[in-house]
Structure formats: structure tokens, C-alpha cells
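Below: one structure, written as C-alpha cells.
The values are calculated or read from the model by the stated rules, or taken from the named source; none is laboratory data. In this text the structure is predicted, and so the values were computed from the model without any measurement. Here the Cβ is made from the backbone with ideal geometry for all residues, glycine too, and neighbour counts use every protein chain on show. The protein model used for the area step is the full one, side chains on, heavy atoms only, and it has no ligands, DNA or RNA in it. Shrake-Rupley method; radii C 1.70, N 1.55, O 1.52, S 1.80 Å.
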Amino acid sequence: MLKALLARARFGSRTVEFPDAPPILPVRFQGRPVISSEPCGKGCRECIDSCPTEALRVVDSHPELDLGRCLFCGECELACSSGLIRFTKEYSLGSSGRSDLVVRFDSEQSRIKSLNSEMLRLFKRSLRLRQVSAGGCNGCEVDVNVLNTIVFDLGRFGIQFVASPRHADGLLITGPVTENMRLALLKTYEAVPDPKIVIAVGACAISGGPYIDHPQVHNGAGSHLKVDLFVPGCPPHPITILDALLRLLSRMPSQRRG
């Protein structure tokens, strides 16, 4: 027992201080992109041709980037010889609306609407989620699972993942919803008691990601279910997922609400 206490004192706390303090992000972290107000060069398609998921298009001589499709690979930033696209370290990327994920030079940052008062009364202090991997590559699944480790300690916010949808308050979906997982996803959703929420994590779960319009996928959770929260990324950083969950539950400290 004494050895255990000494070891505990030697290691100290390993849990991140976020959201009470800014997160420490990897050097190569790529967050919300910023698009310059300068118009594109006439006939230039350098960024569009470099994007593997067709997340970019040019409208009225200005690029638009759909974060719901974006893999955050940064190829468009490298390809744009005019420097009109730049990825920042902004980690808060979630949105309540699918259309709010489209970034233009004049668009405001997407915001997450917290649940209504009745849902907050039920879930703000205790939220149980059933995670469904609907054909994902395991990238998003890994970054969701890491939230349960001592580093992020998701349980301190009253959020936990449960094995049975009967015990859940909602679904957290990853993957593009393959045809083989479609029925399982719908049955799992029906097994969750009302009221319930749906969270789509990652480009695949939002739009199909790199598999978009493939005949064996259904282009994300939104094709079959009403989604309450979108968390873009490929995969999203755990801090991005945690940030979105806390904003949905109105648990973000006032100095970080944005």
C-alpha cells in the first residue's frame, strides 16, 4: 500500500488541464483553415486538383472548403501558390449544422448549440453514449477510445461509453456507414430509449470521407439519422472531440466558450 502511495505521488497527475487551461497540441496539428479574402487566379484549380475528397470548390473566385469532407491533409495549402488557404491551430471545429462546416473567406466560425433545457436537465451531468463503428478504419475509433484514458479522463465530466444501447442516451457514430453496417446501425439507434442524441465523428461519419459516393457506403450517418453534433477531422484530435462534447452539454467554462 505504501509503495502504491509513493508511486502515485511520484507520477503526479497525468490528466490534461483542458478545458480549464488551453490544450497542448502536437506541432503538426492542423486545425480550422482560414481562407484569404483575395480572389483566386483566373482559371486556377491547383487546390481543387490536390484535394483527395473534393472538399474544395471555387465560388465567385473564392475557394470554399467543406470541413465535413476535409481530411486535414494540408495538400491544398501546399498547392495554393497564392497562399490563400492556411491551416491554423484552432481545435474547436464541431458544429450543430452540416452547412455550417463550409468555410469561406467571409464565413464565421461554426458554433455548437447546446442541447435544449430539457435535454440538458437529463444529460448535462450524466451522459451515456454507445459508440458505433459503421465501417470506419479505426482512426476515429482510437481517438474516441483514448478519451477514456487517464490523460483525458472523460468520466470526470460525467460522460461514459456503455456496451448496451439500452443503457445509452445517444450514439456516437464513426465510419461512412457501409451497407454491411447500415441495418446494425439502425437497430442500435432504435434500441436507444428516447430522448436520444446522435453524434457523427470524423469525415467518414459526416460525409463518407474518402469513400464518398462509393456504392457500398451511405455517405455518413446523416443519410439515415438526424445528427445533433458534427465533429470534423480525419481523425479529429481527442481535444476536438472533447471540446465538442462539452459545448453540446454547456459544460465549457465561460472563458473558453468563444
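How many residues does the range 15-36 hold that are loosely packed, with under 10 Cβ neighbours inside 10 Å and either under 30 Å from Val59 (Cβ atoms) or among the basic types (Lys, Arg) (or both)?
Our first condition is that a residue be loosely packed, with under 10 Cβ neighbours inside 10 Å; within the range 15-36, this holds for 20, 26-28.
Still in the list and also either under 30 Å from Val59 (Cβ atoms) or among the basic types (Lys, Arg) (or both): 28.
Qualifying residue count, the range 15-36: 1.
Being open to solvent by 30 Å² or more (accessible area, probe 1.4 Å), among the charged types (D, E, K, R), in a loop (DSSP other than H, G, I, E, B) and within 21 Å of Ala203 (Cα to Cα) is true for just one of Glu77, Glu90. Which residue is that? Full working, then the answer.
Values: Glu77 fails: in a loop (DSSP other than H, G, I, E, B).
Exactly one of Glu77, Glu90 is open to solvent by 30 Å² or more (accessible area, probe 1.4 Å), among the charged types (D, E, K, R), in a loop (DSSP other than H, G, I, E, B) and within 21 Å of Ala203 (Cα to Cα), namely Glu90.
Yes/no per residue for (1) within 22 Å of Gln109 (Cα to Cα); (2) part of a helix (DSSP H, G or I); (3) over 29 Å from the mean Cα position of the chain (by Cα):
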residue: Ala7; (1), (2), (3): no, yes, yes
residue: Arg10; (1), (2), (3): no, yes, yes
residue: Ser13; (1), (2), (3): no, no, no
residue: Phe18; (1), (2), (3): yes, no, no
residue: Pro23; (1), (2), (3): yes, no, no
residue: Val27; (1), (2), (3): no, no, no
residue: Gly31; (1), (2), (3): yes, no, no
residue: Val34; (1), (2), (3): yes, no, no
residue: Pro39; (1), (2), (3): yes, no, yes
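Do you know which residues across the range 192-226 are in a loop (DSSP other than H, G, I, E, B) and either at positive phi or surrounded by 22 or more Cβ atoms within 10 Å (Cβ to Cβ) (or both)? Even if it seems obvious, please write down each step before you answer.
Step one: filter the range 192-226 for residues in a loop (DSSP other than H, G, I, E, B), giving 192-196, 202, 208, 212-216, 218-220, 224-226.
Result: Gly202, Gly208, Asp213, Asn219, Gly220.
Please enumerate the residues belonging to the range 41-52 that are open to solvent by less than 70 Å² (accessible area, probe 1.4 Å), out of contact with any strand residue (DSSP E or B) (no Cβ under 6 Å at 6 or more places or on another chain) and either of a type in the set (Phe, Trp, Tyr) or not in a loop (DSSP other than H, G, I, E, B) (or both).
Taking the range 41-52 first, the residues open to solvent by less than 70 Å² (accessible area, probe 1.4 Å) are 41, 44, 47-48, 50-51.
With the extra rule that they be out of contact with any strand residue (DSSP E or B) (no Cβ under 6 Å at 6 or more places or on another chain), the set shrinks to 41, 44, 50-51.
The one that is open to solvent by less than 70 Å² (accessible area, probe 1.4 Å), out of contact with any strand residue (DSSP E or B) (no Cβ under 6 Å at 6 or more places or on another chain) and either of a type in the set (Phe, Trp, Tyr) or not in a loop (DSSP other than H, G, I, E, B) (or both): Ser50.
Return yes when Ala55 is open to solvent by less than 20 Å² (accessible area, probe 1.4 Å), small (Gly, Ala, Ser) and more than 22 Å from Asp169 (Cα to Cα) and no when it is not.
yes
Taking the range 186-234 only, how many residues are touching a residue at least 60 places away in the same chain (Cβ under 8 Å) and of a type in the set (D, E, K, R)?
1
Select from the range 80-120 the residues that are of a type outside the set (Lys, Arg) and more than 24 Å from Ile199 (Cα to Cα) and list them in ascending order.
So in the range 80-120, the residues of a type outside the set (Lys, Arg) come out as 80-85, 87-88, 90-97, 99-103, 105-110, 112, 114-120.
Answer for the range 80-120, where residues must be of a type outside the set (Lys, Arg) and more than 24 Å from Ile199 (Cα to Cα): Cys80, Ser81, Ser82, Gly83, Leu84, Ile85, Phe87, Thr88, Phe105, Asp106.
As an exercise: evaluate Met252 against (1) modelled with pLDDT of 95 or more; (2) surrounded by fewer than 22 Cβ atoms within 10 Å (Cβ to Cβ); (3) in contact with a Leu (Cβ under 6 Å, 6 or more places away or on another chain); (4) not β-branched (Val, Ile, Thr) and give the number of the one condition it does not meet.
Failed condition: (1).
Which numbered condition trips up Tyr189, out of (1) of a type in the set (Phe, Trp, Tyr); (2) outside any helix (DSSP H, G or I); (3) more than 21 Å from Arg32 (Cα to Cα)?
Tyr189 satisfies every listed condition except (2).
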